[in-house]
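Written out below as structure tokens is the structure these notes cover.
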Amino acid sequence: MYSNEEYLLELLKDAGYLTPDNIVQANSAKRGPQSSLDFLIEHRRVSEDVVAQTLAVNAGMEFVDLSGFVPDPAILDLVPAEVAAKYTVIPVGFDHGRLILAVADPMDFQAMDSLPHVLSTYPLDFYCAQKSQIEQFITDVYGVEKAKEENRVGGSSERSEASEDDAPIVRLVMDMLAEAVSNRASDIHVEPMEKRLRVRYRIDGVLQESASHPKHLHAPMIARLKIMTGQMSIDERRVPQDGRIQARVAGKEIDLRVSTVPTAHGESVVMRILDKSSILLGLSDLGFFSDDLNNFNELLALPDGIILVTGPTGSGKTTTLYACLNNVNRPDRKIITVEDPVEYTLSGINQVPVREDVGMSFASALRSMLRQAPNIIMIGEIRDPETAQIAINAALTGHLVLSTLHTNDAPGAVARMTNLKVKPFLIATAVRAMMAQRLVRKLCAECKTPGELTEKEMRTLGLDSSRLSEAKIMVANGCGKCRTTGYRGRMCIVEIFKVDDQVRHMINQQISTPQLRRRARELGMRTLREDAVRKVLAGLTTAGEAIESTMSDSH
């Protein structure tokens, strides 16, 4: 159906192509949802060619006959299949740097206004063509089924999933996802530069450039990713948007959290790959040595109190919490989590998503959770005084609470809780332990070779020659398995600060963080750097990784 059919019928009547009787006959004889104009075309009262030329004259556009038209593959890449189907348009050429689109309905003003924003790489000019020719072209060339008329404006067109994979942009996007997954990337960055489109993967915490595409692929690639989310608007490029993609890549189901942000050169997209295999890990899989593992397992066996995992963004705190839940998840325990957002689904555990838009904050979710009589509560992050207070109260009323804080070291969690308006005597009573962690890259098992530490590395790490007698110092080399980096995978380094009676007294007395740290060392707390050194001496990582990840640790 054309967007303004009544007006178009009047145009055709005024031009002498239709009589009033033709229109009356069409209105009375058309079938079901069929439009009057479609009836007239079907019964040869007027030709579609005449309709298209009338529309072109009325809109001041050039008319183009697409019979026998052979598209340029490079031009096809500029208009994604989904955009072509949604707006019933196809690219037909260039004229002085302007992309020419053939449209079926120049009176569809919403589409005409949206297309320059959707296809922002080049300025646009419009020609008018027969609607059936455009739809046939979309089906034959893009492999997309004819868009249903009622969904063409503002809705999603129906697509043939079997043939959609043949479209160039679809293949490009799926190849990118497959490469990222095969290389164990944690996220994908699609970034428009001044003259090109850069794709980078974050692998083992380090960004690596993977591809550089021509700039004209930016708009169709971003449009394709937005369409895959089913949530994001391809018309809106001026504000940030968020969405999620579920896709099947190389026979594997993957989830991606998608974020766009406008930049000086166009929209930048970051996709975080949610690796479901990481939620099945235990603490030993994360790099805990046996002594730290025993310490932490003893803490998880406590009936109540708070255990805090601290560290900066990207230090693996949430993965550690999931590993803890795997450790304590038994049929005789009720476990509830509150997360923002729920990224992974855990079997046998009740997970509550934060929804600020409907008033479901961390604090309100926690209050509701306590009425569910849980044994163990996991809070994604303690970020405000209200959440901190409820978490403390939960720990004091017989619940084991696991949560995270943003602090540099384990003893610093006390000062952070104080900053969140929690009274020192409550911290002293409720907190059982604080653990700080970082991530270091593991040496690639395929290509690591024996090596030696330099004098500077030994001095920085506080090592002397006596500790090297039984060490297995290894160095990175690089091979195809690790993309020539010498590293494959990451592991935790940790420091665990268990609270005893003296520490409780010190917290009550509001003793400074350096004094708390000294007491922790007296209790046998191994610092982040010391744990990193153990892993260097065991041949699991390098001195450079240990030093870089513990720059703030001077002990």
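Within the same chain, aspartates and glutamates fewer than 8 places from Lys481 are excluded, and of the rest, those with a Cα less than 15 Å from its Cα are Glu179, Asp204, Glu446.
Among residues other than Val92 with Cβ under 13 Å from its Cβ, the summed charge is -4 (Lys and Arg +1, Asp and Glu -1).
Report the GluC sites (Glu not before Pro) located in the range 175-266 that are in a DSSP loop and have at most 11 other Cβ atoms inside 10 Å of their Cβ, or state none.
Filter output for the range 175-266: Glu194.
Of the listed peptides 523-531, 438-446, what is their order by residue-averaged count of other C-beta atoms within 10 Å, with the highest listed first? Walk me through the intermediate numbers first.
Values: 523-531: 19.8, 438-446: 21.7.
Averaged packing, sorted descending, gives the order 438-446, 523-531.
May I ask which of Lys317/Lys421; Lys86/Lys195; Lys498/Lys535; Lys226/Lys252; Lys215/Lys276 have a Cα-Cα span longer than 26 Å here?
From Lys317/Lys421; Lys86/Lys195; Lys498/Lys535; Lys226/Lys252; Lys215/Lys276, over 26 Å: Lys86/Lys195; Lys215/Lys276.
Out of the total accessible area of the chain (probe 1.4 Å, heavy atoms of protein only), what percent is carbon and sulfur?
Values: 12330 of 25580 Å².
Its accessible area is 48 percent carbon and sulfur atoms.
Solvent-accessible surface of the range 403-555, averaged per residue with a 1.4 angstrom probe and all protein chains in place: 48 square angstrom.
On the beta carbon distance between Glu42 and Thr484, with R0 = 51 Å, the FRET formula returns roughly 0.20.
Relative to the dominant Cα principal axis of the chain, helix 20-29 is inclined by about 50°. Output the 0 to 90 degree angle, nearest 10, between the alpha-carbon long axis of helix 290-300 and the longest principal axis computed from the alpha carbons of the chain. It works out to around 80 degrees.
Per residue, the range 287-339 exposes 37 Å² of accessible surface when a 1.4 Å probe is rolled over the protein heavy atoms with every protein chain present.
Note that the range 320-330 has calculated 3J(HN,Hα) couplings of 5, 4, 4, 5, 4, 5, 4, 5, 9, 6, 10 Hz, one per residue in order, obtained from phi through the Karplus relation 6.51 cos²θ - 1.76 cosθ + 1.60 (θ = phi - 60°); glycine and proline are x.
From helices alone, the chain scores -10000 deg cm²/dmol at 222 nm; the rule is -39500 (n - 2.57) for each run of n ≥ 4 DSSP H residues, then divide by the residue total. Taking the square roots of five times each eigenvalue of the Cα gyration tensor of the range 299-359, the equivalent ellipsoid has semi-axes of 20, 17, 12 Å, listed largest first. The angle separating the long axis of helix 48-59 from the principal Cα axis of greatest extent in the chain is about 70 degrees.
The values are calculated or read from the model by the stated rules, or taken from the named source; none is laboratory data. Because the structure is predicted, anything quoted here is derived from the model rather than measured. Every residue, glycine as well, gets a Cβ built from its backbone with ideal geometry; the counts of neighbours run over all protein chains shown. Heads up: the accessible areas ignore ligands, DNA and RNA and are worked out on the full protein's heavy atoms, side chains in. Shrake-Rupley method; radii C 1.70, N 1.55, O 1.52, S 1.80 Å.
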